[in-house]
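These notes are about the structure you will find just below.
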Amino acid sequence: MSSDIYKDIILDYYRNPRNFGDLANADVRAKDSNPLCGDIIEMQLKINDGKIDDVRFKGKGCAISQASASMLTEVIKGKSLDDVKAMGKSNVLELMGIDPGPTRIKCALLGLKVVKLAVYGYLGQAITEEVKQLV
Amino acid sequence: MVEKLATINVPRIREDFPILKRRVNGKPLIYFDNAATSQKPIQVIETLDKYYREYNANIHRGIHKLAEEATIAHEEAREKIAKFINANRTEEIVFVRNATEAINLVAYAWGRANIKQGDKIVLTIMEHHSNIVPWQQLANEKGAKLEFIKIDEEGHLRQDEIHELIDERTKIVCITHASNVLGTINSIKEITRAAHRFGALVLVDAAQSVPHMRVDARDLDCDFMAFSGHKMMGPTGIGVLYGKSKHFENMPPFLCGGEMIKEVHTTGASWKDLPYKFEAGTPNIAGAIGLGVAVDYLRNVSMETVHDHEKQITGYALTRMTEIDGLVVYGPKEVTKRVGVISFNLGDIHAHDLASIMDEEGIAIRSGHHCAQPLMEFLNVPAMSRASFYIYNTNEEVDVFINALEKARKLFNP
Ligand SMILES: Cc1ncc(COP(=O)(O)O)c(C=O)c1O
C-alpha cells in the first residue's frame, strides 16, 4: 500500500514527534495557526551566540503540519539565526521528501513560519513579507 | 429536452454529466462533495452556450429581437422556479447571486426597517455562517438579541428550546431546512406555527433542501426562503430569494440603481414593481436561464425520485461505514430524517489528512469546519470530513469510498 504524501517517514514523525514538548528556560517562544486546517504550532527556542542551541515544539493538527514541524526542529538545532532566516519552502519540501500539492502546502510550511517568527522576534526585527506569506 | 424517467436510471443520468467521465490521479472521479456544489448536466451547459451564441442581450429595455428573446427566457426561468417551490406568484421570486446574498437582502432591507433595540432574532446552532453573520451584524447595529436553538445528541432541534426561545419579543426566526453538516431535516412547519403565533417571521435557508427534495414554500408557510442555483445543477452566480409578496411590498430596496427604478428625477426616485424592485443592475441573465433548465432537469427526474435515491445511497453508506473501526458519524441515525450528507471522523486522523488520502483515490470529499463553526464548537469537534451525494452517485462508488477509508485507517493505525 502506498500513499504519495503519507510516506512512512511522515507518519512516523506524526505518531512519534521528535522534540515535542516544552523547553525549560527558552529564550523565545512563538505560535501561529493555519485557519484553513486549524493546525496550531508553537516553537520554543534556546539561543546562544547567534545559534539555536535547543528547540521544542508543540502543536495540534494534521499529519503534514505536525510531521514537518518536528522534522524542522531536528535540522535547525545548531544552525545560525541567519541560516534559519534564509530557509524557505524548498528546504522544507526537501526535508519531507514529498510535494504536498497546492492545497496542503500551507500545512507543510506552518512550522517554518513559526520558527522564523521566533527568530525575528528574538532579534527584535520586523516580520518580513516573505514570512507572512509562508502560510 | 430531457427524457422523462419513470424510475431512476442512474447510468443514463450519469451520461448527462460530462465531468463524471474525468479521471483524478489516474482514478475515475468519485464526486462526493455535492453539498458544496453540484455538477452540471449537459442540458445546462449547452443552455449557457446557446444563450451567448444566439440571443445574448440586455433584458427589460431593448426593443430589438435579441432583447425580447433574452427577456422572455429570463422571465420563463422565474416562472419555472416559482412553480418548482410552489410560490403563490411569480413576483415572489427574486434573483440574487446565491443563498448568502438572499439572506443578506432580507437582513438589510427587511431587518434595518423592522428590528429595534431589545427585539429578538432566533437562529439555530446548526446554521451555516451565511445564516448567522448577517443577523449578528444586524443585531449589533440595532441592539437586538440573538438566540440559538440547540440540538440533542442525534442532531435534532430541541423541542423545549423551540418553544422556550420563540416568544413575543421574537421578530424573525432564521433556520436551515437541512443542515449542511448533520444532514438533519428540520420540521419547518412546526417552526412557522410557533413563530407566527407571536407575529414573528420565518426565513428558511433552503440551500441544502431545494436541490434534494420537494420543497413547497406555501405549505411550509415560511416568509422568506433562500437557495443557490449552483447546488442544484445550475450555474454559479445565480440564487433565489423567495418572499411572500406582502413582505416584499413593504420592504425598501436593498441595492439601488438601474433596472429597479420606475422613475428617477434629481429630487428622488420611485421603485419598480415586484420583483424588479430588488434586482438592481444587469442581472446574471445566462445564469437565471441556466437555472431554469436545471429545474426542468430535476422536475423530469422528479424530486421524489431524487430524494428516494439519496435516502437509499445514504442508508447504504451509513451501514457500510459502521464496518470501519473508530469511525464516528454525526447527525440523525434514521435516513428518513436526513438529506444525503454524512459528516464523520475516523479515529484521530485529521479531516484534512483524510481528504488528501481520498483525493489520491480520485474521491472528492470535504473537510474542515464546513462554515458552521458555532456547531463545531457546540459539538466540541475541531474538524469533520463530509461525504455528500446527488442523483448521479452510486453504491459502487460508496464501495470504493469504504475501501479508501479502510486504507486510510490502516495507514494511520497499522
Ligand atoms: C446550509 C447552507 N446555507 C447557505 C449556504 C451558502 O451558499 P452560497 O455559498 O451559495 O451562498 C450553504 C452552502 O455552502 C449551505 O450549505
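All of the numbers you see were taken from the coordinates with simple rules; none came from a lab. Keep in mind it's a predicted model, so treat the numbers as computed, not measured. Don't worry about glycine lacking a Cβ; one is built from the backbone with ideal geometry, like all the others, and counts go over all protein chains shown.
Would you please calculate the Kirkwood hydrodynamic radius of the protein assembly as shown over all C-alpha pairs and express it in Å, rounded to one decimal?
Kirkwood radius, the protein assembly as shown: 25.8 Å.
May I ask you to order B:171-179, B:42-50, B:199-207, A:56-64 by the average number of other C-beta atoms within 10 Å around their residues, highest value first?
Listed from highest to lowest mean packing, they are B:171-179, B:199-207, A:56-64, B:42-50.
With a length cut of 18 Å (Cα positions projected on each helix's long axis) and a Kyte-Doolittle mean of at least -0.5, go through chain B and give me the DSSP H helices that pass.
B:285-301, B:395-412
Find how many whole Å separate the alpha carbon centroid of segment A:6-73 from the alpha carbon centroid of segment B:298-320.
45
Which net charge results when you count Lys and Arg as +1 and Asp and Glu as -1 among the other residues whose beta-carbon is under 14 Å from that of B:T100?
-1
Taking each pair of distinct Cα atoms in chain B once, what is the resulting Kirkwood hydrodynamic radius in Å?
22.3
In deg cm²/dmol, rounded to 500, what helix-only [θ] at 222 nm does chain A give when every DSSP H run of at least 4 residues adds -39500 (n - 2.57) and the total is split over its residues?
Calculated from helices alone, the mean residue ellipticity at 222 nm is -13000 deg cm²/dmol.
Sorting check: for A:91-99, B:355-363, which peptide has the highest mean count of neighbouring beta carbons within 10 Å, and how do the rest follow?
Top of the packing list down: B:355-363, A:91-99.
Taking the Cα centre of segment A:8-71 as origin, work out the dipole magnitude from +1 charges on Lys and Arg Cβ and -1 charges on Asp and Glu Cβ, in debye rounded to 20.
With Lys and Arg at +1 and Asp and Glu at -1, about 140 debye.
How large is ³J(HN,Hα) for each residue in segment B:379-392, as worked out from phi by the Karplus curve 6.51 cos²θ - 1.76 cosθ + 1.60 (θ = phi - 60°), to whole Hz, x for Gly and Pro?
For segment B:379-392, the Karplus-derived couplings read 7, 6, 10, x, 7, 9, 9, 9, 10, 9, 10, 9, 4, 8 Hz, x marking Gly and Pro.
Treating only the Cβ atoms of Lys and Arg (+1) and Asp and Glu (-1) as charged, compute the dipole magnitude of the protein assembly as shown about its Cα centre; round to the nearest 20 debye.
480
Compare the Cα positions of B:Q312, B:I172, A:T73 along the charge dipole of the protein assembly as shown (+1 at Cβ of Lys, Arg; -1 at Cβ of Asp, Glu; about the Cα centre) and return the one farthest towards the positive end.
Final value for the positive-end residue is B:I172.
Along Cα→Cβ, 7 Å out, is where each label goes; now give me the distance between the ones at A:I127 and B:E54 in nm to one decimal.
Taking the two extended label points, one gets 5.6 nm.
Give the calculated FRET efficiency between B:F198 and B:D348 to the nearest 0.05, with a Förster radius of 41 Å applied to their Cβ-Cβ distance.
Efficiency, from the Cβ-Cβ distance: 0.35.
Along the charge dipole of the protein assembly as shown, Cβ charges K/R +1 and D/E -1, which of B:V398, B:N25, B:I13 sits furthest on the positive end?
Farthest along the dipole direction, towards plus: B:N25.
From the helices alone, meaning DSSP H stretches of at least four residues, give me the mean residue ellipticity at 222 nm for chain B, per-run term -39500 (n - 2.57), in deg cm²/dmol to the nearest 500.
About -11000 deg cm²/dmol.
Given labels modelled 7 Å from the Cα in the Cβ direction, how far is it in nm from B:R158 to B:C256?
My value for the distance between the label points is 4.4 nm.
About the Cα centre of segment B:46-299, how large is the charge dipole given +1 on each Lys and Arg Cβ and -1 on each Asp and Glu Cβ? Please answer in debye to the nearest 20.
Charge dipole of segment B:46-299: 440 debye, to the nearest 20.
Residues with beta-carbon under 11 Å from that of B:I324, excluding B:I324: net charge, scoring Lys, Arg +1 and Asp, Glu -1?
+1
In peptide B:354-366, how many Cβ atoms from other protein chains are near each Cβ within 10 Å, on average?
3
How large is Rg over Rh for segment A:3-132, taking Rg from the Cα atoms and Rh as the Kirkwood inverse mean of 1/r across Cα pairs?
Computed over Cα atoms, the ratio is 0.94.
Please compute the modelled spin-label separation between B:N86 and B:H265, points set 7 Å along Cα→Cβ, answer in nm with one decimal.
It is 4.6 nm.
At what distance in angstrom do the alpha carbon centres of segment B:250-280 and segment B:102-130 lie from each other?
If we compute the Cα centre of each part, the gap is 22 Å.
With a sphere of radius 13 Å drawn around the Cβ of B:G315, what net charge do the other residues whose Cβ falls strictly inside it have (Lys, Arg +1; Asp, Glu -1)?
For residues surrounding B:G315, the net value is +2.
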